[in-house]
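The values are calculated or read from the model by the stated rules, or taken from the named source; none is laboratory data. Just so it is clear, the model here is predicted, and its values are computed rather than measured. Here the Cβ positions follow ideal geometry from the backbone for every residue, glycine too, while neighbour counts run over all protein chains shown.
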Amino acid sequence: MRLAAVCDYRKNEYDSPYGTFFYRGKVRVAGVLSSEENVKGGNDMYFVGEPFRGVWVSGEKEDRRLVKMPPVSQRYPCGSRKMTIEVTHYAETLGPGTDEDGGMILQFKLLQLGPYKKCVRE
């Protein structure tokens, strides 16, 4: 993927970069998509597959429908499924260690989708 844009770029006192870096291109990735409730009561989806390790995926309704991931509820508190995707837009935010740091897959094309597995909570 190639760097397409940078927003709010600056360096801290240790010369470490801050900002959001946007990438475009095509990367085919196989991994696991997981869904669970976040601390604010919303639905989070995150993906683990090299080179993406635990990056967020947009939880928009269209994306949930595309990957057939049910919304978090009493019946489905969390779950996962294997999938292969082609990532076309990705963003990485670097900052002072806030909960906004990290990566997010912004756009992807679904290539292969495995069965949904409901997690078991104790």
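Among the residues that make up the stretch 89-110, is at least one of them surrounded by fewer than 17 Cβ atoms within 10 Å (Cβ to Cβ) and farther than 24 Å from V6 by Cα? Yes, the stretch 89-110 has at least one match.
Taking (1) at pLDDT below 80; (2) over 24 Å from M1 (Cβ atoms) in turn, Y14 satisfies each apart from (1).
Assess whether L66 counts as being without any contact (Cβ under 8 Å) to a residue 24 or more places away in the chain and either aliphatic (A, V, I, L, M) or touching a helix residue (DSSP H, G or I) at 6+ places or on another chain (Cβ under 9 Å) (or both). No, not satisfied. The set of residues in the stretch 4-33 that are among the hydroxyl-bearing types (S, T, Y) and touching a residue at least 60 places away in the same chain (Cβ under 8 Å) comprises S16, Y18, T20, Y23. Exactly one residue out of R2, R24, R53 is on the phi < 0 side of the Ramachandran plot and at pLDDT below 90: that is R53.
Restricting attention to the stretch 34-51 and to residues that are touching a strand residue (DSSP E or B) at 6+ places or on another chain (Cβ under 6 Å) and touching a residue at least 40 places away in the same chain (Cβ under 8 Å), the residue that is surrounded by the fewest Cβ atoms within 10 Å (Cβ to Cβ) turns out to be E36.
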